[in-house]
1. So if I check each of B:Ala49, B:Ala76, B:Ala56, B:Ala72, which one is among the hydrophobic types (A, V, I, L, M, F, W, C) and under 30 Å from A:Val47 (Cα atoms)?
2. Do we find a residue being at the interface with another protein chain (Cβ under 7 Å from one of its Cβ atoms), crowded, with 24+ Cβ neighbours inside 10 Å and without any contact (Cβ under 8 Å) to a residue 12 or more places away in the chain anywhere in region A:206-222?
3. Could you please give the count of residues in region B:235-258 that are more than 19 Å from A:Ala102 (Cβ to Cβ), of a type in the set (A, V, I, L, M) and within 8 Å of chain A (Cβ to nearest Cβ)?
4. Which numbered condition in (1) under 20 Å from B:Ser237 (Cα atoms); (2) in contact (Cβ under 8 Å) with a residue 12 or more places away in the chain; (3) of a type outside the set (Gly, Ala, Ser); (4) surrounded by fewer than 23 Cβ atoms within 10 Å (Cβ to Cβ) is the only one that B:Leu135 fails?
5. Considering region B:117-132 alone, what residues qualify as being facing another protein chain (nearest Cβ under 9 Å) and either among the polar types (S, T, N, Q) or outside any loop (DSSP other than H, G, I, E, B) (or both)?
6. Show the residue pairs meeting these rules: Cβ distance below 9 Å; 6+ apart or different chains; first residue within region B:171-190 and at the interface with another protein chain (Cβ under 7 Å from one of its Cβ atoms) and free of Cβ contacts under 8 Å to residues at least 40 places away in the same chain; second residue of a type in the set (Phe, Trp, Tyr) and surrounded by fewer than 24 Cβ atoms within 10 Å (Cβ to Cβ).
7. Out of the residues in region B:133-170 that are of a type in the set (D, E, K, R) and within 14 Å of another protein chain (Cβ to nearest Cβ), which is farthest from the chain's Cα centre (by Cα)?
There are 2 protein chains.
Amino acid sequence: MINMLHQMTLTAVPNIPLIHEGDDLAAFIVQGLASADFSLQPGDIVVVAQKVVSKAEGRRVRLNEVQPGPEAVALAERMGKNPRLVQVILGETREIVRAAGAVLVVEQRNGLICANAGVDRSNVDQDADSETVLLLPLDPDTSARHLRDRLLELTGVRVAVIINDSHGRPWRAGAAGVAIGVAGIAPIEDRRGERDLFGYELQHTLVALADQVAAAASLLQGQGDEGRPVVVVRGVSYEAREASASEILRPKHQDLFR
Amino acid sequence: MINMLHQMTLTAVPNIPLIHEGDDLAAFIVQGLASADFSLQPGDIVVVAQKVVSKAEGRRVRLNEVQPGPEAVALAERMGKNPRLVQVILGETREIVRAAGAVLVVEQRNGLICANAGVDRSNVDQDADSETVLLLPLDPDTSARHLRDRLLELTGVRVAVIINDSHGRPWRAGAAGVAIGVAGIAPIEDRRGERDLFGYELQHTLVALADQVAAAASLLQGQGDEGRPVVVVRGVSYEAREASASEILRPKHQDLFR
């Protein structure tokens, strides 16, 4: 029987070590896959957790070296947060979207709406003399492109890369994976003008393709880097082109919930 | 070499026919899987598109049989919508969350926040004499439980069931799959109190497990029912228990974006 099944496979890359500044993440991915006799194929989507990208890029901040300004001190006092941490968050923030209780939702430097501008300390190795937090990559699209290019260099295989993070959402509990950087994949699938089964024009015409891939990979990654920060997704149809995760961000004036 | 890969596979059930009121959806799933020599395994998650569940349950409404009331007429005029359609939407609505331009976001009868209360006409076969729309299942958790129980009856295999739909989101473009009904799976993974790699208590403690599975399945389903409305997800760890998709809904007083 000819197998006509539509299938999609996600494989966590084994044996990724703890990541430090300057590490060649793509080389670790290739080595990890080789240790399992698994080869990348053209069209695979390699999903990499933000945290390991940030670590490789040295995006650590030692809080005892941070001087909180007056805005950070005031906000920290109101929210019961560490003023040095709030200063770091504000340094990554374009605009505060909501600050209520202990929840600080902002528009981050790259336009992402997320809690604490993506600044986090879980799964970050701590210096002995200072609490240490991790920022998002400076430019996650560029990080994704570098990974994609380096994987091509090492393996000869052209893949797409998505850098993902976990975000809370309005209305619904729990954090879900989203794409914060992309390379070689259109993050939104545009089906405007297509017809349904009965010839009627489709209603939901924009599909959050990269976010759905990011969410799927997140199921295997678990939280943070736990040793499974990279997942290879195979079997997803997508438009392969130069792109940016900023295409996912809804302009403020088109957003009913800003 | 022992294969220690963490993997997850998604398989679209082939040969699901167009669904009509009264159809035994579980039987079609079993037949479709049999046609590909694919067997369900304990622990599999069967993700079923809302649209086929609604069709099997006869949740069709013929718009020319709907009498719009004054609220629907006023809202429809303001939004440039069909007043009969708006009447149907309001009939499924607890509270209007936003009405701006042509976008109507409501709290639907079951507590979901979504556009048009989930009422949709794409991929709905139309009666000759009336435009026809489809409502969400009356109680998607009950629908999921019936499917789970019927699959057990037909195959002897206990699976979890998620009924998914595609929702737009604030801040981010594109619709993504979410779980609107569940059976046999805790929709939120609660990791409160767990420690990270370095012994620090985890920050993101609630994981949107069922929504991430719904989003992953959505990548294979494509839009609407296109012939691939059912996807079997294998390899996800989850807590198997009686549960409700209402556990995903954030109470209004805890929501910063209502």
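Where a number appears in this text, it was derived from the coordinates with a stated rule and is not lab data. Not measured: the values here are computed from a predicted model. Please note: Cβ atoms are built from the backbone with ideal geometry, for glycine as well, and neighbour counts cover all protein chains shown.
1. Within the list B:Ala49, B:Ala76, B:Ala56, B:Ala72, the selection yields B:Ala49.
2. Scanning region A:206-222, I find at least one residue that is at the interface with another protein chain (Cβ under 7 Å from one of its Cβ atoms), crowded, with 24+ Cβ neighbours inside 10 Å and without any contact (Cβ under 8 Å) to a residue 12 or more places away in the chain, so the answer is yes.
3. Summing the residues that are more than 19 Å from A:Ala102 (Cβ to Cβ), of a type in the set (A, V, I, L, M) and within 8 Å of chain A (Cβ to nearest Cβ) in region B:235-258 gives 3.
4. It is condition (1) that B:Leu135 fails.
5. Hits for region B:117-132 are B:Asp120, B:Ser122, B:Asn123, B:Gln126.
6. Correct list of pairs: B:Trp171/A:Phe257.
7. B:Arg169
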